[in-house]
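The values are calculated or read from the model by the stated rules, or taken from the named source; none is laboratory data. Keep in mind that what you see is a predicted model, and the values were worked out from it rather than measured. Heads up, the Cβs are rebuilt from the backbone with ideal geometry, glycines too, and the neighbour counts pull from every protein chain shown. These area figures cover heavy atoms from the full protein model, side chains too; ligands, DNA and RNA do not enter into them. Shrake-Rupley method; radii C 1.70, N 1.55, O 1.52, S 1.80 Å.
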Amino acid sequence: MDTRTNPYAPGAGTPPPELAGRDSVIEDAAVALDRIRNGLSAKCMTMIGLRGVGKTVLLGRIAMDAEARGMSTVQVEAKEGGRLAVLLAAPLRSRLLAMSRRAAAGDMARRALRVLGSFVRATRLRYGDMEIGFDSEREPGIADSGSLEHDLGDLLRASGEAAQAHDTAVVLFVDELQYLAQLELGALIAALHQAAQRQLPVTMVGAGLPQTVANAGKARTYAERMFSFREIGPLDSEAAARAIERPAEALGVSYAPDAVESNGVEPGPPP
Ligand SMILES: Nc1ncnc2c1ncn2[C@@H]1O[C@H](COP(=O)(O)OP(=O)(O)O)[C@@H](O)[C@H]1O
Ligand SMILES: [Mg+2]
């Protein structure tokens, strides 16, 4: 095979040439996000599955579709020992800046930016030497209490109010949720819960390893009612075949049926 034209590009989170077998998840996520933008309720969809099943590429696809429909996406990947506040600050800022530049209703976005300024400052005080590389005006008394749960609640509320004024939704895409410490996951769930109670257009689409379900339940007892956990498993054989055949078809190449069917699934003879 010519390496210049080889359509297959496996790798963690690398979008496949053909995202096979996930149409219903993509559609359900789109429905949930459209509901949220319209001020209706929907649970936070969270993809659960083992490593390599395709959670990250699915999350990326849902985010891309949401952006195409005019939503403000904030895409982050949690890391072991990483701070949620630090992860969210920079991408959220660029979304709010983009909103504030639109002439109509820019005030709400500018206010949300000041709330973010307060949040970042409180975060710096809380964690000491923080690696958030910007300073901005602040909104005294909002998002600066030093309690992550409280401050994140204020931040998501202000972001949601700005999104509402701009007819959009702020959608947090959080990958590798299992890495969030209980305190951070709890604060995130509580902040999303508050936004939902106010019917603000703020939500999350998440992904994580199976322990994420138990972690969320431990962090907040009502997590189950906030999230819709979606189990992502291996592709069925039809979708798996499509994932292999379609990219080759696009190059005018086809596989012998045997080559596709014996796609590593059948156990070989013992050595
Ligand atoms: N539906 C799919 N069809 C074809 N390839 C896929 C599909 N889902 C995932 N892949 C491929 O599988 C690999 C692992 O996907 P990834 O999203 O990183 O998994 P996870 O995040 O669950 O560990 C990537 O190379 C990706 O392109
Ligand atoms: Mg992944």
Checklist entry - Taking the Cβ of L251 as the center, what net charge do the other residues with Cβ under 14 Å away carry, scoring Lys and Arg +1 and Asp and Glu -1? => result -2
Next on the checklist: On the principal axes of its Cα set, how long, how wide and how thick is segment 75-159? Give whole Å, largest value first.
Outcome noted: 39, 27, 20
Checklist entry - If you find the alpha carbon centre of segment 163-193 and of segment 72-92, how far apart are they in angstrom? => result 9 Å
Checklist entry - Per the helix-only calculation at 222 nm, which mean residue ellipticity applies to the chain, given -39500 (n - 2.57) for every DSSP H run of n ≥ 4 and division by its residues, nearest 500 deg cm²/dmol? => result -16000 deg cm²/dmol
Checklist entry - What ranking do 158-164, 231-237 get when scored by the average of other Cβ atoms within 10 Å per residue, highest first? => result 158-164, 231-237
Checklist outcome for this item: In degrees rounded to 10, the 0-90 angle between helix 148-165 Cα long axis and the longest Cα principal axis of the chain is 80 degrees
Item to check | Net length gained if the chain between A98 and D258 were fully extended (0.36 nm per residue, minus Cα distance) | outcome: 52.4 nm
Checklist entry - How much net charge surrounds L177 when only other residues with a Cβ under 15 Å from its Cβ are counted (Lys, Arg +1; Asp, Glu -1)? => result +1
Checklist entry - Which angle between 0 and 90 degrees, to the nearest 10, do you get for helix 182-197 versus the longest principal axis of the chain when only C-alpha atoms count? => result 80 degrees
Checklist entry - Of all accessible surface on the chain at a 1.4 Å probe, what whole percent is carbon and sulfur? => result 50 percent
Checklist entry - So what J values fall out for segment 219-226 if you push phi through Karplus, 6.51 cos²θ - 1.76 cosθ + 1.60 with θ = phi - 60°, rounded to Hz, Gly and Pro as x? => result 5, 8, 5, 8, 4, 4, 7, 8
Checklist entry - P(r) for segment 176-270: what percent of alpha-carbon pairs falls in each 5 Å bin, starting at zero? => result 2, 11, 17, 14, 9, 8, 8, 10, 10, 8, 3, 0, 0
Checklist outcome for this item: In degrees, nearest 10, the alpha-carbon axis of helix 106-127 is tilted away from the dominant principal axis of the alpha carbons of the chain by 90 degrees
Checklist outcome for this item: Toy charge model, Lys and Arg Cβ at +1, Asp and Glu Cβ at -1: the chain dipole around Cα centroid in debye, rounded to 20, equals 1120 debye
Checklist entry - Along the three principal axes, how long is segment 23-231 when you take its alpha carbons, biggest first, rounded to the nearest angstrom? => result 42, 37, 28
Next on the checklist: At a threshold of 8 angstrom on Cα-Cα distance, excluding pairs fewer than six apart, so keeping six or more, what relative contact order does segment 23-231 reach in percent?
Outcome noted: 31 percent
Item to check | Whole-number D in µm²/s for segment 116-208 (Stokes-Einstein; Kirkwood sum over Cα pairs; 4 °C, 1.567 mPa s) | outcome: 94 µm²/s
Item to check | Label point distance in nm, R4-S41, each placed 7 Å from Cα along Cα→Cβ | outcome: 5.8 nm
Checklist outcome for this item: Whole-Hz Karplus couplings 3J(HN,Hα) for segment 239-256, θ = phi - 60° and coefficients 6.51, -1.76, 1.60, Gly and Pro as x, run 5, 5, 5, 4, 4, 8, 7, 4, x, 6, 4, 4, 9, x, 10, 10, 9, 5
